[in-house]
Amino acid sequence: MDVGIDAIAFFGPQRYLDMADLARARGVDPAKYTRGLGQLRMAIATPCEDSVTLAANAAALALKRFDVDPQQIGTLVVGTETGIDHSKPVAVYVHEALKLRRCCRTFETKHACYGAFAGLTAASDWILSGRARGYKALIIASDIARYGVGELGEPTQGAGAVAMVVSENPRLITFDPLVTGDYTRQVMDFWRPLYSKFAFADGHYSIACYLEALAACRADALAKAADAEEYAIAKLSACFYHVPFVKMAKKAHQRHWEAELGAGVSPGDQRAQEVEASHGQRVAPWLSLNAEVGNIYTGSLFLALIDYLRHRNRTGPGLVSLFSYGSGCGAAWGFARTVPGVEGHAAALDPAAQLAARERISIEEYEEIMALVEVADRNDAAALDAGRWHVHESFLYQGTRDHVRRYSEFPG
Ligand code: CAA
């Protein structure tokens with residue numbers, strides 16, 4: 001049985017901060033953010049947008065654009081680092097907004113940026129086991145990455161959600177269910193204590209943890225392959241990695257090569273040019289959405305996948321690799337194949353129009369939003385004014401009253 005992604009859509013905030021504006025405000029050379037990190041813009045969620053509103057809007061787009069009947073959903077998983085309650089999952093609010101069936105398995109997964117990938121593999125296993133009985137799974141990655149004003153991680157923030165329908169005989173990509181690798185190690189590279197709206201990170205250490213996890217879970221995957229040569233980089237048309245910032249995918253691709261070669265590649269090496277060319281062919285072309293949106297934590301890997309799928313008509317044969325990394329840390333490695341005819345769905349999943357309609361905000365507005373975020377979840381705080389932020393979406397967080405989160409009516 002073939003199982004994989006049948007529908008996919010991105011939804012993000014309508015406001016963004018230009019990285020050059022941020023660099024100037026922090027007294028940093030803009031090239032550090034644009035070339036050094038590879039980021040051009042950063043999506044900024046207003047206090048009226050949270051992981052629930054982003055997730056529900058992304059899911060509604062995926063269902064509508066790919067003509068999937070919501071009554072066909074039998075499992076709903078929201079992977080998020082940005083929970084809105086210590087007890088209630090984001091997923092149950094999304095279930096209500098989308099009016100899904102009551103006979104639906106609904107839960108939230110959390111492991112920093114790995115949460116949605118974990119949901120995706122759980123959903124695939126559910127379908128492969130035969131328990132789904134023809135129903136589909138809706139997996140949503142929804143996050144708001146916040147490190148705080150003036151922090152080292154500030155230029156690697158972002159916000160957005162990617163919703164995916166997983167089913168039998170999918171229209172976009174099929175997963176290789178057996179050649180997969182896993183990795184877990186307790187490390188303090190990135191975390192967010194219960195009392196904080198902002199993440200703490202040991203930035204350079206987190207990069208080292210990411211790269212170590214990549215090599216380990218790739219090795220775990222290939223150990224299960226009948227012929228590891230079938231999964232060599234030369235056979236891959238694209239390599240997708242977790243993308244906290246665009247440059248990280250370049251470091252990841254180099255480590256991927258080094259793992260395959262069993263040796264390090266330094267800048268002067270003859271191999272370095274091959275790695276550079278491979279990055280230009282298999283990685284860099286699919287990172288334009290990440291550069292526009294910033295880090296969306298658990299959805300960032302899938303944002304690169306959307307970019308690839310929307311350009312499918314200019315790609316080669318369809319075997320691709322997927323690496324998901326969640327700080328803390330948990331990681332997974334997998335392979336997938338694009339389905340013949342996938343190019344016919346490029347328009348349905350392309351978020352270009354949505355991104356083109358975004359509004360640039362000033363540093364002053366951004367800093368005001370960051371201050372308001374601290375209080376937006378407090379009980380009986382002043383009502384949130386969506387008009388203040390020119391947010392046009394109809395499904396919004398309206399504040400917490402009587403200890404209950406209030407949302408506007410979901411359209412449709
Ligand atoms: N022009 C061009 N490039 C420049 C430059 C300039 N003027 N100045 C610096 N650069 C380059 C540097 O050479 C460097 O490139 P290389 O890595 O290729 O050498 C790059 O810009 C970044 O410079 P620094 O390393 O000096 O940057 P920094 O000390 O400010 O920290 C960071 C960068 C560690 C990513 C920090 O932003 C951070 O802590 N971010 C949050 C944590 C994070 O994203 N970790 C990623 C791995 S963990 C993960 O993936 C999970 C997750 O989502 C959080």
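Filter the range 346-362 down to the residues that are more than 20 Å from Pro47 (Cα to Cα) and part of a loop (DSSP other than H, G, I, E, B) and list them by number.
Matches in the range 346-362: Asp350, Pro351.
Pick out the one residue from Ala353, Ala291, Ala277 that is within 16 Å of the ligand (Cβ to nearest atom) and either within 17 Å of the chain's Cα centre (by Cα) or open to solvent by 20 Å² or more (accessible area, probe 1.4 Å) (or both).
Every option except Ala291 fails the conditions.
Considering each residue of the range 135-154, count those that are closer than 23 Å to Phe11 by Cβ and either within 16 Å of the ligand (Cβ to nearest atom) or open to solvent by less than 10 Å² (accessible area, probe 1.4 Å) (or both), and give that number.
So the count comes out to 11.
Kindly provide the set of residues from the range 213-229 that are assigned to a helix (DSSP H, G or I) and either without any contact (Cβ under 8 Å) to a residue 12 or more places away in the chain or not acidic (Asp, Glu) (or both), ordered by number.
Selection gives Ala213, Leu214, Ala215, Ala216, Cys217, Arg218, Ala219, Ala221, Leu222, Ala228, Glu229.
Counting just the residues of the range 164-188 that are closer than 29 Å to Ala201 by Cα and in contact with a Ser or Thr (Cβ under 8 Å, 6 or more places away or on another chain), which one comes out farthest from the ligand (Cβ to nearest atom)?
Once the filter is applied, the top-ranked residue is Thr180.
So, of the residues in the range 76-106 that are of a type in the set (Ser, Thr, Tyr) and touching a Pro at 6+ places or on another chain (Cβ under 9 Å), which turns out to be least open to solvent (accessible area, probe 1.4 Å)?
This residue is Thr80.
Pull out all pairs, ordered by first then second residue, where Cβ-Cβ is under 9 Å, the residues are six or more apart or on different chains, the first lies in the range 193-205 and is among the charged types (D, E, K, R), and the second is in a loop (DSSP other than H, G, I, E, B).
These pairs meet every condition: Lys197/Arg146; Lys197/Gly148; Lys197/Glu374; Lys197/Ala376; Lys197/Asp377; Asp202/Val187; Asp202/Met188; Asp202/Asp189.
Just for the range 189-244: of the residues that are among the hydroxyl-bearing types (Ser, Thr, Tyr) and away from the ligand (no atom under 15 Å from the Cβ), which one is nearest to Ser278 (Cα to Cα)?
The extreme case among them is Ser237.
When you scan the range 234-258, how many residues do you find that are touching a Lys or Arg at 6+ places or on another chain (Cβ under 8 Å) and touching a residue at least 40 places away in the same chain (Cβ under 8 Å)?
Looking only at that region, the number is 5.
For the range 294-318, enumerate the residues that are more than 16 Å from the ligand (Cβ to nearest atom), open to solvent by less than 10 Å² (accessible area, probe 1.4 Å) and either among the aliphatic types (A, V, I, L, M) or over 22 Å from Ala118 (Cβ atoms) (or both).
Across the range 294-318, the qualifying residues are Leu305, Ile306, Asp307, Leu309.
Go through the range 379-412 and give me each residue that's among the hydrophobic types (A, V, I, L, M, F, W, C), open to solvent by less than 60 Å² (accessible area, probe 1.4 Å) and assigned to a loop (DSSP other than H, G, I, E, B).
Ala381, Leu384, Val391, Phe395, Leu396, Phe410
Pairs, please: C-beta under 7 Å, at least 6 apart or cross-chain, first residue closer than 24 Å to Lys247 by Cα and in the range 156-181, second among the small types (Gly, Ala, Ser) and surrounded by fewer than 20 Cβ atoms within 10 Å (Cβ to Cβ)?
Within 7 Å, the pairs are Gly181/Ala219.
Which residue out of Ala123, Ala132 is surrounded by fewer than 22 Cβ atoms within 10 Å (Cβ to Cβ), more than 25 Å from Phe200 (Cβ to Cβ) and away from the ligand (no atom under 16 Å from the Cβ)?
Ala132
Considering Glu365, Glu343, which residue is assigned to a helix (DSSP H, G or I), more than 24 Å from the chain's Cα centre (by Cα) and surrounded by 13 or more Cβ atoms within 10 Å (Cβ to Cβ)?
So the residue among Glu365, Glu343 that is assigned to a helix (DSSP H, G or I), more than 24 Å from the chain's Cα centre (by Cα) and surrounded by 13 or more Cβ atoms within 10 Å (Cβ to Cβ) is Glu365.
Just the residues that are acidic (Asp, Glu), part of a helix (DSSP H, G or I) and free of Cβ contacts under 8 Å to residues at least 12 places away in the same chain, please, taken from the range 259-316.
Glu276
The values are calculated or read from the model by the stated rules, or taken from the named source; none is laboratory data. In this text, all values refer to a predicted model and were calculated from it rather than measured experimentally. No Cβ is skipped: glycine too gets one built from the backbone with ideal geometry, and neighbour counts run over all protein chains shown. Ligands, DNA and RNA are stripped out before the accessible areas are found, and what is left, the full protein with its side chains, is counted by its heavy atoms. Shrake-Rupley method; radii C 1.70, N 1.55, O 1.52, S 1.80 Å.
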